[in-house]
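J.: My structure is below; once you've seen it, I'll send some questions.
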Amino acid sequence: MIGEAVSGRMRRAGLYLWPIVPPAMLAVIVTLLVSHGSTYMHSILILGLINLLFVVGLYSFSGTSGVFSFGHIGFAAIGAYSAGIFAIAPGTKRELFGSMPAALIHLHAGTSISTLIGGCIAAVAGAITSVPLMRLGGLAASLATFALLIIVHVVGQNLNQVTNGQSGMADVPITTTPWRALAWCLVAIVVVYLFQESRWGLRLRASREDEVAARACGVGIFNERRLAWILSAFVVGIGGALYGQFLGTFNADAFYLSISFLIIAMLVVGGRNSLAGAVVGCAFISVVAEGLRRIEAGPHIGPVHIPSRPGLGAVGLGVIMVLVLVLRPRGLTGGREILWPFKRAIRGRLAPVESRSVIAVAPASTQDGS
């Protein structure tokens, strides 16, 4: 009897955690396949994994709350600058950044600690900004997050004592490897999935489907949104720290509109209401963007040379995004997780929250700060 009970619990735990497996395996398989390629392919792989961190971080807020954010790359900039300040040796900072305060010059930590510090400082920034922003909803909230991106960009360009202004951070140790980026991606996938399946995540996803009904059930939307915002800021901040340690030299322009729209396209194309959609969308857009970039550069196909077409990459991504939205309005995954393929009986239990009754979300929250 005890053995059967333990076996049953393990089986239920396996079914509960199964939606993590397909996106995690996709990231691992792609890394294994591409890691044996050229140095250029290594760089493309690292960029793809960093983008995956950005998309998963964006999903942890926008996908669960239904409030679309255009400012999450601002947290990546905060993470990159924070990690860079800690990663650069004090002697190098003294030579390159003469106006930097002495307290910052003497700060130094190892690569992994610097990355973690970058994520934590981004999370602190998320906690501070969540107080006013999470009281907004709909279009007002999205515009406020875009304003946050602009503010971070302007500060990064002009706070010379800390960011070195438009000259940017230089001589950051280049330590980001495919396996290091993959490890952080797997951690982010697990943490974000556990959050979305927690009682806070279920309440937040219920408010995404019907905010009025969720409030009527006692769901404290303000606190749930704040928690998701802080978690997403941490994940994106980690991605920003890895990105800075991949580039070596960067300024605020590296974390602005182009990468913001790319990350949003990845999430929308994959399916913004599921973690699997975030991973699938990142992989799909990464492959398509690289193919378009090569065509844009003017490739040689045997003796035939195709003329370069500047701007083809951006136009192509726009066209593909429109086609996906027309043909698959909920994204490539339909906004659903990839369920256990051998047990039809559990599909109802693991279906996305929109197919459940909002009444059955979780015990009512009494902490509604809105």
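J.: Condition (residue is out of contact with any strand residue (DSSP E or B) (no Cβ under 6 Å at 6 or more places or on another chain), under 27 Å from Pro329 (Cα atoms) and either of a type in the set (D, E, K, R) or assigned by TED's automatic domain parsing to the domain that holds Ser65 (or both)) applied to the stretch 244-255: is it met by at least one residue?
T.: no
J.: Name the single residue, out of those in the stretch 166-185 being surrounded by fewer than 16 Cβ atoms within 10 Å (Cβ to Cβ) and part of a helix (DSSP H, G or I), that is nearest to the chain's Cα centre (by Cα).
T.: Ala183
J.: Is it the case that Tyr59 is surrounded by fewer than 16 Cβ atoms within 10 Å (Cβ to Cβ), of a type outside the set (S, T, N, Q) and either modelled with pLDDT of 80 or more or in contact with a Lys or Arg (Cβ under 9 Å, 6 or more places away or on another chain) (or both)?
T.: Numbers: surrounded by fewer than 16 Cβ atoms within 10 Å (Cβ to Cβ): no; of a type outside the set (S, T, N, Q): yes; either modelled with pLDDT of 80 or more or in contact with a Lys or Arg (Cβ under 9 Å, 6 or more places away or on another chain) (or both): yes.
Here the answer is no, as Tyr59 does not meet what is asked.
J.: Separate question: What do you reckon, is Ile295 farther than 30 Å from Gln161 by Cβ, out of contact with any strand residue (DSSP E or B) (no Cβ under 9 Å at 6 or more places or on another chain) and not charged (D, E, K, R)? Give the steps one after another, and end with the answer.
T.: On the way: farther than 30 Å from Gln161 by Cβ: yes; out of contact with any strand residue (DSSP E or B) (no Cβ under 9 Å at 6 or more places or on another chain): yes; not charged (D, E, K, R): yes.
Taking the combined requirement at face value, the residue satisfies it.
J.: Right, next: Taking the stretch 186-217 as the search range and keeping residues that are among the small types (Gly, Ala, Ser) and part of a helix (DSSP H, G or I), which one is farthest from Leu275 (Cα to Cα)?
T.: Per the stated criteria, the residue is Ala216.
J.: Would you confirm, using the coordinates I've provided, whether Ala89 is touching a residue at least 60 places away in the same chain (Cβ under 8 Å), farther than 18 Å from Ile263 by Cβ and not polar (S, T, N, Q)? Give the steps one after another, and end with the answer.
T.: On the way: touching a residue at least 60 places away in the same chain (Cβ under 8 Å): no; farther than 18 Å from Ile263 by Cβ: yes; not polar (S, T, N, Q): yes.
Here the answer is no, as Ala89 does not meet what is asked.
J.: Which pairs have Cβ atoms under 7 Å, sit 6 or more apart or on different chains, and link a residue in the stretch 97-111 that is closer than 18 Å to Gly156 by Cβ to one that is assigned to a loop (DSSP other than H, G, I, E, B)?
T.: Taking only residues 6 or more apart or on different chains, the pairs are Phe97/Asn164.
J.: Go through the stretch 229-283 residue by residue and tally those that are buried (at least 24 other Cβ atoms within 10 Å of the Cβ) and at positive phi. Step through it out loud before you land on a result.
T.: First, pick out the residues of the stretch 229-283 that are buried (at least 24 other Cβ atoms within 10 Å of the Cβ): 229, 232-245, 255, 263, 266-267, 269-279, 281-282.
Then keep just the ones that are at positive phi; that gives 271.
Counting residues in the stretch 229-283 that are buried (at least 24 other Cβ atoms within 10 Å of the Cβ) and at positive phi gives 1.
J.: Test Leu327 against the criterion of being aliphatic (A, V, I, L, M), touching a Gly at 6+ places or on another chain (Cβ under 7 Å) and modelled with pLDDT of 80 or more, and give yes or no.
T.: Values: aliphatic (A, V, I, L, M): yes; touching a Gly at 6+ places or on another chain (Cβ under 7 Å): no; modelled with pLDDT of 80 or more: yes.
The answer is no for Leu327.
J.: Which of the residues spanning the stretch 191-200 are hydrophobic (A, V, I, L, M, F, W, C) and more than 13 Å from the chain's Cα centre (by Cα)? Break it down stepwise before answering.
T.: Looking only at the stretch 191-200, we keep the residues that are hydrophobic (A, V, I, L, M, F, W, C), and these are 191-192, 194-195, 200.
Across the stretch 191-200, the qualifying residues are Leu194, Phe195, Trp200.
J.: Out of the residues in the stretch 22-64 that are small (Gly, Ala, Ser) and not in a helix (DSSP H, G or I), state the one that is nearest to the chain's Cα centre (by Cα).
T.: Here is the first cut: in the stretch 22-64, the residues small (Gly, Ala, Ser) are 24, 27, 35, 37-38, 43, 48, 57, 60, 62-63.
From what is left, the residues that are not in a helix (DSSP H, G or I) are 35, 37-38.
Working: Ser35: 22, Gly37: 25, Ser38: 26 Å.
Once the filter is applied, the top-ranked residue is Ser35.
J.: When you go through Ala265, Ala278 one by one, which is the residue that is touching a Pro at 6+ places or on another chain (Cβ under 9 Å) and either farther than 20 Å from Ile44 by Cβ or outside the structural domain of Gln196 (by TED's automatic domain parsing) (or both)? Full working, then the answer.
T.: Working: Ala265 fails: touching a Pro at 6+ places or on another chain (Cβ under 9 Å).
After ruling out the rest, the residue left standing is Ala278.
J.: In the stretch 201-231, which residues are farther than 22 Å from Val55 by Cβ and β-branched (Val, Ile, Thr)?
T.: Residues satisfying the conditions are Val212, Val219, Ile221.
J.: Considering each of Ser207, Ser198 in turn, give the residue that is out of contact with any Ser or Thr (no Cβ under 8 Å at 6 or more places or on another chain), of a type outside the set (Asp, Glu) and farther than 26 Å from Val30 by Cα. Steps first, answer last, please.
T.: Working: Ser207 fails: out of contact with any Ser or Thr (no Cβ under 8 Å at 6 or more places or on another chain).
Every option except Ser198 fails the conditions.
J.: Now, a different point. Residues in the stretch 240-247: is at least one within 18 Å of the chain's Cα centre (by Cα) and of a type in the set (A, V, I, L, M)? Give the derivation first.
T.: Of the stretch 240-247, the ones within 18 Å of the chain's Cα centre (by Cα) are 240-246.
Those still in the list that are of a type in the set (A, V, I, L, M) too: 241-242.
Yes, some residue in the stretch 240-247 is within 18 Å of the chain's Cα centre (by Cα) and of a type in the set (A, V, I, L, M).
The values are calculated or read from the model by the stated rules, or taken from the named source; none is laboratory data. These numbers come from a predicted model, not from an experiment. Glycine gets a Cβ as well: all are built from the backbone with ideal geometry, and neighbour counts include every protein chain shown.
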